[in-house]
Amino acid sequence: MINQQIKNPTRAVIVGADAEQAWMLDWWYGNYIKHNKYPIIFADFGLHPSHVEWCKKRGTVLGLRIPSNIRGWFKKPFAIFQSGIDIALWIDVDCEIRANVEPIFNFITYGKVAMAPDKHNRWCVNETPLNSGVIGAWPSSHALIGKWADRCRRPNKRGDQEIFNDMVSEWGDSVLQMPQQFNRLRLDGDSPDALIMHWTGPAGKAHIKKVFGAQEPLKMPKEAPKVISPNPAYLVKPAMTIRKFNTPIGRLK
């Protein structure tokens, strides 16, 4: 649902990875461009410089302004918040994108954070846990994304989605449940109706390697990945340097 006060809102798909997950990027990207032309933002969670160069040829690379103690998927809300995009669609790197994601963008509602249910999450106590593998949001439309990022600064849960689910009772009016086909989980079984199939866990990664033959997109040199210096102003405002996305993906070479 579009906010009528914002004309021609910017839209982009965000994916994040570190050096250990970079082998899935080529597979993720190949599936994405079969069906989509929305601009891509690659969130650098600790990529090797060679991976960063690979990403720059296919989209925009977002270097996060975060404290150095934040690890792994706890960086996810920071990437969404700092993207500078009006309508952001996060898709995990282990998600198989099988169709045009326009229905998800059309589902995203101003003032809401949208996620699909995850009945398999035994670490969440709320009645209908949500899965943060696919997230739709207007990052600047409310405080929830920033508050989620703030709680991920000192994580006391298994992962970012457990922290988010812990906030649902407090922020229920700002949360919207996506249809399952927008993020169908491996444990739900495959389905031809899945717009996005999410190959979760070690078994899912093994499936990606075996069935889809995903390979490391670039050979990694020996030097270590660079560390992004923390910036205490990381939650003041989102980065505004990548707000214009008028170039179709096919032209980003």
For this session: Evaluate the following for residue 33: is it under 30 Å from residue 210 (Cβ atoms), assigned to a helix (DSSP H, G or I), β-branched (Val, Ile, Thr) and out of contact with any Pro (no Cβ under 9 Å at 6 or more places or on another chain)?
Result: yes
Exercise. Restricting attention to segment 36-63, which residues are among the hydrophobic types (A, V, I, L, M, F, W, C) and either more than 13 Å from residue 15 (Cα to Cα) or not in a loop (DSSP other than H, G, I, E, B) (or both)?
Worked result: 40, 41, 42, 43, 52, 54, 55, 61, 62
Exercise. Name the residues in segment 4-30 that are outside any loop (DSSP other than H, G, I, E, B) and more than 22 Å from residue 205 (Cα to Cα), would you?
Worked result: 11, 12
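In segment 166-187, which residue that is modelled with pLDDT under 90 and among the charged types (D, E, K, R) is surrounded by the most Cβ atoms within 10 Å (Cβ to Cβ)?
First, the residues of segment 166-187 that are modelled with pLDDT under 90: 166-175, 187.
When the remaining residues are screened for being among the charged types (D, E, K, R), the result is 166, 170, 173.
Values: 166: 17, 170: 10, 173: 10.
Among them, the one singled out is 166.
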Problem set entry | Identity of the residue in segment 20-65, buried (at least 22 other Cβ atoms within 10 Å of the Cβ) and of a type in the set (Val, Ile, Thr), that ends up farthest from residue 105 (Cα to Cα) | 41
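Can you tell me which residue among 100, 106 is at pLDDT 90 or above and part of a loop (DSSP other than H, G, I, E, B)?
Numbers: 106 fails: part of a loop (DSSP other than H, G, I, E, B).
Checking each option against the conditions leaves just 100.
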Exercise. Does segment 204-221 contain any residue that is modelled with pLDDT of 90 or more, under 18 Å from the mean Cα position of the chain (by Cα) and of a type outside the set (A, V, I, L, M, F, W, C)?
Worked result: yes
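Take residue 88 and tell me if it is part of a helix (DSSP H, G or I), under 16 Å from residue 11 (Cα atoms) and in contact (Cβ under 8 Å) with a residue 60 or more places away in the chain. Explain how you work it out, then say what you get.
Details: part of a helix (DSSP H, G or I): no; under 16 Å from residue 11 (Cα atoms): yes; in contact (Cβ under 8 Å) with a residue 60 or more places away in the chain: yes.
No: the conditions fail for residue 88.
The values are calculated or read from the model by the stated rules, or taken from the named source; none is laboratory data. Given the structure is predicted, the values throughout are model-derived calculations rather than measurements. In this analysis, Cβ positions are derived from the backbone assuming ideal geometry, glycine residues included, and neighbour counts consider all displayed protein chains.
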